[in-house]
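Chemist: Below is one structure. I have some questions about it.
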Amino acid sequence: MSPEMIRLIANSTGETLYMVAVSALIATLFGLPLGVFLATSGKGELFAAPWVNRVLGVIVNATRSTPFIILVVAIIPFTRLIAGTSIGTNAAIVPLTIAATPFIARLIEGAIREVDQGLIEAARAFGASPLQIVRKVLIPEALPGIVLGLTLAVVSLLGFSAMVGAVGGGGLGDLGIRYGYQRFMPEMMLAVVVVLIVLVQAVQSIGDRLARHLNKRIRHA
Amino acid sequence: MNAPLGYLGGQTAQRLIPAEPIVRLEKVSKTFPGRDDQPVTALREINLAVPQGSILGVIGRSGAGKSTLIRLVNGLEKPSSGKVIVDGADIAALPEAALRHARRSIGMIFQHFNLLSSRTAAQNIALPLEVAGYDKAEIGTRVEELLALVGLSDKRNRYPSELSGGQKQRVGIARALATKPKVLLSDEATSALDPETTRSILDLLGRINDELGLTILLITHEMAVIRNIAREVAVIEGGRIVEQGDVFEVFTRPQHEVTRSFLADESGRALPPYVQSRLTAEAAPGSQAVVRIGFRGPHATDPVLARLARDLSIETNILSGSVDEIAGRPFGTLVVGVPEQSLATTLDFLNKHGLDTEVLGHVA
């Protein structure tokens, strides 16, 4: 492998990490409150608003069922509006964030719903307000599940980020398509796949370890 | 556990405190919307008063409405009609913020403890204080006091997963007491615990009632809980209170079928199977009458059967029996077989001696 190739791979890895990190961060910022709201706004729940809950649910499902590659193309005008351009890593962050937000919201909703209803009842019984229940009971108790969900989301984002390469988004996917496929350099394709595998493994094991550390439900020896 | 002031201390305190009960339910009914538009009535016209400083137990089978009843007291459920007065305030009429404030003076403990798994024992106890806006130093001191009160100072940094059931419930009790409530609600607090642990938790609750003068309202399906700790009892069935009063009175002279069935579960009250299977309603030639004799309080240890044999030459046949304690007072039950021809004389003799009798049937 030539030094030139190694430089290309290193650059692309940097771009991928940048896209994934920024979009995961922004998507969590939006997805966390959305997920908490989805989990607590059903009928008879803390922030009961069944209609809003249903409408948000439909929007979330619609976004999630749109194939990512179509989403990327469909929102190009919006991407231009936000990023000023529709090509490059910064532009790629827009569709990545939009795809990841509902995904993260659903994962967080699931983690919050796992929290024992008895804890909400206990918190209400000692005079906690709904917001206090979210902050002091639901999120801390769901944290191991939330961390595992975010890990899954980051892994998915790594996959999505490779897809934005197809529309000039930069990163490892872009490298793989341009060099590995269009210039037919199988060693470049292989290198890209190996780097992605290593990244996914690293993210997953960090996430697992963190979740295990946070989970006090299991007795630590 | 057995503080010298103990039981008498509680009694004196009760007499000194004015008559206004701390919790009062007035004609409370609760209906839930059910399936197929068939509303389910959980409670019907409940009247209940919990005097300050007392321990009142509500006993009922599952589905009798007792969970709904206790949840009305801290506003986790709203009554469909009627009033729930706690410490002078109508809980059902309070706006949300005022209700949250009122809940700080109503502690609650649960069957499954409901502790946060992500917080240590000390942090769990601190939670209601954080919510109420106490400052850090105050929380620290108060949590230490509470840990000492429930005997868990050495477990302060343990997570619930590292504690036994009894220890978890102690944390639950400490958490419920954190904001210095006037009433403690206990929702089947010992139902998930073994008998020995149950005993120690009940002792702790009894001690808290004595030392802090805290009023306790508890619901349970276990006779043992009522017998060991309650001073007053209400028996609930089908959403109604069917019997209510002093524990000793109610359980030594049960009026309602449900109350009797709870007592039947107690050792010594049930007939031995060989008698039960042969029991008939009518006397037959050569049969014996089966009589249950209740010995209450001062008579519990009288040698009445010996006197019956000596004075009237009536020989009885002991089928089962026990001497027990209800609300700290001795209570004995004896089931005897009496020759049919001596039945009237025997009952007369026993009633004269101040004993309760009940003819259960006849065996050949």
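Chemist: Under a GNM of chain B (C-alpha, springs under 10 Å), which listed residue has the highest mean-square fluctuation: B:Gly213, B:Gly88, B:Gly286?
Modeler: Looking only at B:Gly213, B:Gly88, B:Gly286, the largest GNM fluctuation is found for B:Gly286.
Chemist: Please list log₁₀ I(q)/I(0) at q = 0.12, 0.18 Å⁻¹ for segment A:106-221, using the Debye equation with identical point scatterers on the alpha-carbon positions.
Modeler: Here the Debye-derived log intensity ratios amount to -0.60, -0.90.
Chemist: Output ³J(HN,Hα) for segment A:179-185: one whole-Hz value per residue in order, computed from phi by the Karplus curve 6.51 cos²θ - 1.76 cosθ + 1.60 with θ = phi - 60°, and x for Gly and Pro.
Modeler: Residue by residue, segment A:179-185 yields 8, x, 8, 5, 9, 6, 10 Hz.
Chemist: Related question: What distance in nm separates the two pseudo spin-label positions at A:Ala166 and B:Glu45, each 7 Å out from Cα along the beta-carbon direction?
Modeler: Here the answer is 7.3 nm between the modelled labels.
Chemist: I've got another one for you. Given the options B:Gly151, B:Gly65, B:Gly294, which has the most mean-square fluctuation in a GNM of chain B, springs set between C-alpha atoms less than 10 angstrom apart?
Modeler: Of B:Gly151, B:Gly65, B:Gly294, the Gaussian network model singles out B:Gly151 as fluctuating most.
Chemist: Is any residue of segment A:1-28 close enough, with backbone N under 20 Å, to a label point placed 7 angstrom from the Cα of A:Glu187 along the Cα-Cβ axis, and if so, which?
Modeler: Hits in segment A:1-28 for A:Glu187 at 20 Å: A:1-13.
Chemist: At what distance in angstrom do the alpha carbon centres of segment B:68-120 and segment B:168-202 lie from each other?
Modeler: First find each Cα centre; the distance between them is then 16 Å.
Chemist: Would you grab the residues whose amide H sits under 5 Å from the one on B:Glu222? Only those 5+ places off in sequence or on another chain, please, with H modelled 1.01 Å from N.
Modeler: none
Chemist: Can you tell me what percent of all Cα-Cα pairs in chain A are more than 32 Å apart? Walk me through the intermediate numbers first.
Modeler: On the way: 7095 of 24310 pairs.
So the portion of pairs separated by more than 32 Å is 29 percent.
Chemist: What is the distance in Å between the Cα centroid of segment A:87-115 and that of segment A:13-77?
Modeler: The two parts, judged by their Cα centres, are 5 Å apart.
Chemist: Still on this structure, I have one more. Greater than 18 Å separation of Cα atoms is the criterion. Which listed pairs, B:Lys30/B:Lys66; A:Lys43/B:Lys78; B:Lys27/B:Lys66; A:Lys136/B:Lys155; A:Lys136/B:Lys136, meet it?
Modeler: A:Lys136/B:Lys155
Chemist: What helices in chain A pass both tests, a Cα length along the helix axis of 15 Å or more and a mean Kyte hydropathy of 1.6 or higher, using whole DSSP H runs?
Modeler: Values: long enough: A:3-40 (54 Å, 1.21); A:50-65 (22 Å, 0.41); A:89-113 (35 Å, 1.05); A:139-163 (35 Å, 1.77); A:186-214 (42 Å, 1.30).
TM-like helix candidates: A:139-163.
Chemist: Next question. Could you give log10 I(q)/I(0) at q = 0.08 Å⁻¹ for chain B, computed by the Debye formula over C-alpha point scatterers of equal weight, without solvent?
Modeler: Relative scattering, expressed as log10 I(q)/I(0), comes to -0.49.
Chemist: List every residue whose amide H lies under 5 Å from the amide H of B:Lys182, counting only residues 5 or more places away in sequence or on a different chain, with H placed 1.01 Å from N in the peptide plane.
Modeler: B:Ile106, B:Gly107
Chemist: Within 13 Å, Cβ to Cβ, of A:Ala142, how many net charges do the neighbouring residues add up to if Lys/Arg are +1 and Asp/Glu are -1?
Modeler: Numbers: positive: A:Arg113, A:Arg135, A:Lys136, A:Lys216, A:Arg217; negative: A:Glu109, A:Glu114, A:Asp116, A:Glu141.
Around A:Ala142, the surrounding residues sum to +1.
Chemist: Could you work out which residue, out of A:Ala162, A:Ala122, A:Ala202, moves most in a Gaussian network model of chain A, that is, has the largest mean-square fluctuation with Cα springs under 10 Å?
Modeler: A:Ala122
Chemist: Continuing with this model, one more query. Considering only DSSP beta bridges where both residues belong to chain B, give the percentage that are antiparallel (nearest 5).
Modeler: 70 percent
Chemist: Treating only the Cβ of Lys, Arg, Asp and Glu as charged (+1, +1, -1, -1), what charge dipole size does the protein assembly as shown show about its Cα centre? Round to the nearest 20 debye.
Modeler: Working: 57 positive and 53 negative charges, 314 e Å.
Magnitude of the dipole: close to 1500 debye.
Chemist: Would you work out the Kirkwood radius for segment B:198-287? I mean one over the mean of 1/r across all pairs of different Cα atoms, in Å.
Modeler: On the way: mean 1/r = 0.0647 Å⁻¹.
That comes to 15.4 Å for segment B:198-287.
Chemist: Considering only A:Leu17, A:Ile98, A:Met163, whose Cα is most displaced toward the positive end of the charge dipole of segment A:3-214, charges sitting on Cβ of Lys, Arg (+1) and Asp, Glu (-1)?
Modeler: Value computed over the given set: A:Ile98.
Chemist: Another question, then. B:Phe295's amide H: which non-local residues (gap 5+, or another chain) put their own amide H closer than 5 Å, with H modeled 1.01 Å from N in plane and none for Pro or chain starts?
Modeler: The answer is B:Gly332, B:Thr333, B:Leu334.
Chemist: Provide the percentage of antiparallel DSSP beta bridges, counting only those with both residues in the protein assembly as shown; round to the nearest 5. Intermediate results must be reported in sequence, preceding the final value.
Modeler: Values: 46 of 65 bridges.
Antiparallel bridges make up about 70 percent of those DSSP assigns within the protein assembly as shown.
Chemist: When all C-alpha to C-alpha distances in the protein assembly as shown are sorted into bins of 20 Å, what percent of pairs does each bin hold, rounded to whole numbers?
Modeler: Each 20 Å bin holds this share of Cα pairs: 17, 36, 26, 15, 6, 1.
Chemist: So for segment B:273-363, averaging the separation of alpha carbon pairs under 8 Å that are six or more residues apart and normalising by length, what relative contact order in percent results? Please list the in-between numbers first.
Modeler: Values: 152 pairs, mean separation 42.8, N = 91.
Computed value for segment B:273-363: 47 percent relative contact order.
Chemist: Still on this model: Among residues other than B:Ile139 whose Cβ falls under 15 Å from its Cβ, what is the net charge (Lys/Arg +1, Asp/Glu -1)? Each step should come with its number before you reach the end.
Modeler: Values: positive: A:Lys136, B:Arg104, B:Arg119, B:Lys136, B:Arg142, B:Arg156, B:Arg175, B:Lys180; negative: B:Glu130, B:Asp135, B:Glu138, B:Glu144, B:Glu145.
Summing Lys and Arg as +1 and Asp and Glu as -1 gives +3.
Chemist: Taking each pair of different alpha-carbon atoms in segment B:273-363 once, compute 1/r for the pair, average those values, and report the inverse of that mean as the Kirkwood hydrodynamic radius in Å to one decimal.
Modeler: Numbers: mean 1/r = 0.0740 Å⁻¹.
Value: 13.5 Å, from the Cα pair sum.
Chemist: If I model a spin label as a point 7 Å beyond the Cα along the Cα-Cβ vector, how far apart are those points for A:Leu81 and B:Ala364 in nm?
Modeler: 9.5 nm
Chemist: Each residue of segment B:34-47 in order: what ³J(HN,Hα) in whole Hz does its phi give by Karplus 6.51 cos²θ - 1.76 cosθ + 1.60, θ = phi - 60°, with x for Gly and Pro?
Modeler: x, 6, 6, 6, 9, x, 9, 8, 8, 9, 10, 6, 7, 10
The numbers here are math on the coordinates, done by the rules we state, and not lab data. Note that this is a predicted model, so its numbers are computed, not measured. Cβ coordinates were reconstructed from backbone atoms using ideal geometry, including for glycine residues, and neighbour counts include every protein chain displayed.
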